[in-house]
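The values are calculated or read from the model by the stated rules, or taken from the named source; none is laboratory data. Since this is a predicted model, take the numbers as computed values, not measurements. Heads up, the Cβs are rebuilt from the backbone with ideal geometry, glycines too, and the neighbour counts pull from every protein chain shown.
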Amino acid sequence: MSDPVKVGVFVCHCGSNIGGIVNVPEVVEYAKTLPSVEWAEGNLYTCSEDGLSSIRNRIKELKLNRVVVASCTPRTHEMLFRKNCERAGLNKYLFEFVNLREHCSWVHMQKPAEATLKAKDLVRMGVAKVSLLQPREDLATDVLRVAMVLGGGVTGLSAALSLANQGYRVELVEKEEELGGLLRFVYKVFPTHRPSSTLLDPLIESVLKHPNIQVHLGAELKEVKGFVGNFKATIKENGESRELSVGTIIVAVGAQSHKPTGTFGYGRFENVMTQLDFEGLGPDRHAEFNHVVIINCVGARNEERSYCGRFCCIVALKNAILLKEANPRAQVTIVQRDVMAVGKLYEDYYRRALGMGVRFVRYDKDQPPQVEGADAKAEKVRVFHMLLGKEIELRADLVLLTTPLVPAEDNAALSQMMKIPLGTDGFFLEAHQKLRPVEFPADGIFVAGCARYPIEIPECIGQGLAAAAKAAIPMARGKVVSDAFVSEVEPSLCSTCGRCLEVCPFGAVDWAEMRTPEGGKKNVAKVNPAECKGCGLCTASCLSGAIRLPGFTDEQLFAMIGSQR
Amino acid sequence: MQHALRKEGKTATTDLREAIQALMDANHLNLCVECGKCSAVCPMVNFYGEYVHKRCTRSVVERLCYDPESIDDEVLWYCWACMECTFFCPSGVDFQNFMTSFRQLLVSNGYSEQACFCKACGTYMMPKRQLEYLEATLHSKGNQELLYECPNCKKGKYLSAFHRIAGAAKSAGR
């Protein structure tokens, strides 16, 4: 740090985005008057090759050792400018980004004079901060080319097969004794009416035969340690513990069918069953029912479970059609709240059911149907018909309850184990619904299939493949490079309160043992740089001031605030 | 409102029920997807003050499916068969054709309290409720006697008069 600080400031017009509102030449002139500023200039587009080469030339000519670019957002352009500094031989962490577009010109379009004043303030703060930045090195960690797929349902199978075909080793961990997940219990799939085994069997066979896939049946995940590239997972397989070293994890644990015990006579009458129970009944018995009532939205779209089961309407249609096909004289009535037959495919399927004479009755959420019967047999369903404005009675020798998929029981445990978030409904919550749909905030762990929310088979397969593609990225690169602005703990200041462990959304903080000067031992917080994303939550929460975040240290922020005009 | 009140009594026989079911199938009544377009375009609201959606097309279908006792319900006689609902139905339910055939079926099965017949030849013409409405509308015009005969009889009556006049004019012209 013996060299004097020489700052170069580059202010971007961004076409008319900034230059149209902020008086850029004025800001440039102002920047020249700031302490340690060696050079200041305006560019039409700093991100163009002209602008970038100008930065490089100034660094070389004037021996600048700090660079401030005042332009757009770091979200899109920070990488570019950092790389540019690196090309000129400057450490890329000696660069500071000032956002004049989103933070100034776009929000103060009506007030150019005030916007110019604010732009000067922002540039001044940037210059004050950049002087205190220190050179740092990127952190690179190696990635094991092994993936662990949790769950051997249709999602997990497609993900595992995709990864294995790309040449990565896959550890497929399935809790049950058999592969196939919930789809095993389904008789025929909609809307093709092919037996589910024609879909599942080839998939299972190729997974079992694949040299790259190691299948662990009856195995339960006990513990996960480590971070992207090097997870240590402990599984309990057939009573004995095994440790797997994997680079990435795909969570495809699926969901389970809701059992509405106690409602609609379920559990009391033997002929009241869920759709999944009916799938297991076997096709031979389909023809014996003459009066079938199917009740939709059982346990879904209510106070307890606010979500829609998404495909259960189609399941109800499928079973209604199957029953009608087996016995055309059967009276099949679907008691529904809305028929969610989305898209041309399912719209046609709905019309097919209508054309076969399946009847639909709408019921109100506040007046649910009543299933009545004697002994262990349901005989009729009473439902308030909203159009007639009166209660009607439907004969029934079979009552099917259409229930949604609900989160698997061990979701909470898995969420704790891997520090991955659950949504309010108990399903796993992805990092971003649209931009990062199969990822978690923590690196190297991915999610797919019904573990996220109830989806039908094609989408399960699609998400499985998407998660596999995402998981392959770090494994293909062989290493992950993380930003060097990660939290650092000063162990001697740590008071062992554990707040940082609680607030870290990425599970990057853990306990480490330290010898005290008196000769004893104490636990102190330790940040794993490979997992840390530099969000600063631990830094802000630390009461002892033991944690600092290099790009945003107290000195730097105070310098920004203190650089009064 | 008393017109809309249900009268005690008649229940459809099994034969009639099957005939109605056959009519419903033939006119694709079961293809309804409950979009509500038929109720939205139904002009009955202009004719009957007490119109509510219980008297709309879809409701009549539901009534026939799930409430067989209401076969003598006056609501079944409200429709004027204007064809608006049939025209707008996205699913191809031919309700107009169903309604006209359905009333013929009811009349031939003896449910005729709500129907009115031609004074001259005695064939079924239209629902009584419709006739009352037309009478009220045409009251001041002094030509409501046109209402009581069926188109065929009117044709016979007025066409022969027309021929007479035309014949007289022809011979006078010659």
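Please work out which one of (1) closer than 21 Å to residue A:283 by Cβ; (2) more than 12 Å from chain B (Cβ to nearest Cβ); (3) more than 41 Å from the chain's Cα centre (by Cα); (4) outside any helix (DSSP H, G or I) is the condition residue A:357 fails and give its number.
(2)
Restricting attention to segment A:1-29, which residues are buried (at least 19 other Cβ atoms within 10 Å of the Cβ), aliphatic (A, V, I, L, M) and in a loop (DSSP other than H, G, I, E, B)?
A:18, A:21, A:22
Would you mind listing the strands (runs of 3 or more DSSP E) fully within segment A:30-138 where at least 1 residues are of a type in the set (Phe, Trp, Tyr) and more than 26 Å from residue A:532 (Cα to Cα)?
A:37-43
From the list A:448, A:378, pick out the single residue that is closer than 30 Å to residue A:229 by Cβ, of a type outside the set (Ser, Thr, Tyr) and either assigned by TED's automatic domain parsing to the domain that holds residue A:160 or touching a residue at least 40 places away in the same chain (Cβ under 8 Å) (or both).
Sole residue among the options that is closer than 30 Å to residue A:229 by Cβ, of a type outside the set (Ser, Thr, Tyr) and either assigned by TED's automatic domain parsing to the domain that holds residue A:160 or touching a residue at least 40 places away in the same chain (Cβ under 8 Å) (or both): A:448.
Select, from A:105, A:158, the only residue that is within 30 Å of residue A:475 (Cα to Cα) and crowded, with 22+ Cβ neighbours inside 10 Å.
Testing whether each residue is within 30 Å of residue A:475 (Cα to Cα) and crowded, with 22+ Cβ neighbours inside 10 Å leaves just A:158.
Is there a residue being loosely packed, with under 14 Cβ neighbours inside 10 Å, over 39 Å from the mean Cα position of the chain (by Cα) and within 30 Å of residue A:486 (Cα to Cα) anywhere in segment A:54-62?
Yes, because at least one residue in segment A:54-62 is loosely packed, with under 14 Cβ neighbours inside 10 Å, over 39 Å from the mean Cα position of the chain (by Cα) and within 30 Å of residue A:486 (Cα to Cα).
Looking at segment A:360-391, which of its residues are away from every other protein chain (no Cβ under 12 Å), part of a loop (DSSP other than H, G, I, E, B) and more than 44 Å from the chain's Cα centre (by Cα)?
Of everything in segment A:360-391, those that are away from every other protein chain (no Cβ under 12 Å), part of a loop (DSSP other than H, G, I, E, B) and more than 44 Å from the chain's Cα centre (by Cα) turn out to be A:375, A:376.
Those residues that are among the small types (Gly, Ala, Ser) and either in contact with a strand residue (DSSP E or B) (Cβ under 8 Å, 6 or more places away or on another chain) or free of Cβ contacts under 8 Å to residues at least 12 places away in the same chain (or both), I need them from segment A:163-181; list them, please.
Matches in segment A:163-181: A:164 only.
Search segment A:242-262 for residues being among the aliphatic types (A, V, I, L, M) and in a loop (DSSP other than H, G, I, E, B), and hand back the single one that is surrounded by the most Cβ atoms within 10 Å (Cβ to Cβ).
Checking each candidate, the answer is A:252.
Within segment A:70-112, which residues are in contact (Cβ under 8 Å) with a residue 60 or more places away in the chain and within 24 Å of residue A:25 (Cβ to Cβ)?
Residues satisfying the conditions are A:70, A:71, A:72, A:100, A:101, A:104, A:105, A:106, A:108, A:109, A:112.
Spot the failing condition for residue A:543; the list is (1) at pLDDT 90 or above; (2) surrounded by 13 or more Cβ atoms within 10 Å (Cβ to Cβ), and only one is missed.
(2)
Go through segment A:339-350 residue by residue and tally those that are at the interface with chain B (Cβ under 10 Å from one of its Cβ atoms) and buried (at least 16 other Cβ atoms within 10 Å of the Cβ).
Summing the residues that are at the interface with chain B (Cβ under 10 Å from one of its Cβ atoms) and buried (at least 16 other Cβ atoms within 10 Å of the Cβ) in segment A:339-350 gives 3.
Got a sec? Which of A:554, A:483 is free of Cβ contacts under 8 Å to residues at least 24 places away in the same chain, surrounded by fewer than 19 Cβ atoms within 10 Å (Cβ to Cβ) and charged (D, E, K, R)?
After applying the criteria, what remains is A:554.
Please find, among B:65, B:116, B:85, the residue that is more than 30 Å from residue A:393 (Cβ to Cβ) and of a type outside the set (Val, Ile, Thr).
B:116 is the lone residue from the list that is more than 30 Å from residue A:393 (Cβ to Cβ) and of a type outside the set (Val, Ile, Thr).
List the helices (runs of 4 or more DSSP H) that sit entirely inside segment B:48-139 and contain at least 1 residues that are crowded, with 17+ Cβ neighbours inside 10 Å and within 14 Å of chain A (Cβ to nearest Cβ). So that I can check it myself, show each step before the final result.
On the way: elements: B:57-66, B:84-88, B:95-108, B:128-138.
Fully inside segment B:48-139 and qualifying: B:57-66.
Taking segment A:122-162, which residues are of a type in the set (Lys, Arg) and touching a strand residue (DSSP E or B) at 6+ places or on another chain (Cβ under 9 Å)?
If we filter segment A:122-162 for residues that are of a type in the set (Lys, Arg), which is where we start, we get A:124, A:129, A:136, A:145.
A:129, A:145, listed by residue number.
Taking the conditions exactly as written (within 20 Å of residue A:353 (Cα to Cα), in contact with a helix residue (DSSP H, G or I) (Cβ under 9 Å, 6 or more places away or on another chain) and touching a residue at least 12 places away in the same chain (Cβ under 8 Å)), does residue A:253 satisfy them or not?
Considered against the rule, which asks whether it is within 20 Å of residue A:353 (Cα to Cα), in contact with a helix residue (DSSP H, G or I) (Cβ under 9 Å, 6 or more places away or on another chain) and touching a residue at least 12 places away in the same chain (Cβ under 8 Å), residue A:253 comes out as no.
Let's see how each residue does on (1) under 30 Å from residue A:222 (Cα atoms); (2) surrounded by fewer than 19 Cβ atoms within 10 Å (Cβ to Cβ):
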{"site": "A:97", "(1), (2)": "no, no"}
{"site": "A:119", "(1), (2)": "no, no"}
{"site": "A:130", "(1), (2)": "no, no"}
{"site": "A:133", "(1), (2)": "no, no"}
{"site": "A:137", "(1), (2)": "no, yes"}
{"site": "A:150", "(1), (2)": "yes, no"}
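Before we move on, is residue A:269 aromatic (Phe, Trp, Tyr), touching a residue at least 24 places away in the same chain (Cβ under 8 Å) and over 21 Å from residue A:375 (Cβ atoms)?
no
Could you give me the residue pairs with C-beta distances under 7 Å whose first residue belongs to segment B:54-67 and is under 19 Å from residue B:83 (Cβ atoms), whose second residue is assigned to a helix (DSSP H, G or I) and modelled with pLDDT under 75 wherever it lies, and which are 6+ apart or on separate chains?
B:59/B:53
Within the bounds of segment A:447-468, is there any residue that is under 30 Å from residue A:502 (Cβ atoms), among the β-branched types (Val, Ile, Thr) and in contact with an Asp or Glu (Cβ under 7 Å, 6 or more places away or on another chain)?
Yes, there is a match, as at least one residue in segment A:447-468 is under 30 Å from residue A:502 (Cβ atoms), among the β-branched types (Val, Ile, Thr) and in contact with an Asp or Glu (Cβ under 7 Å, 6 or more places away or on another chain).
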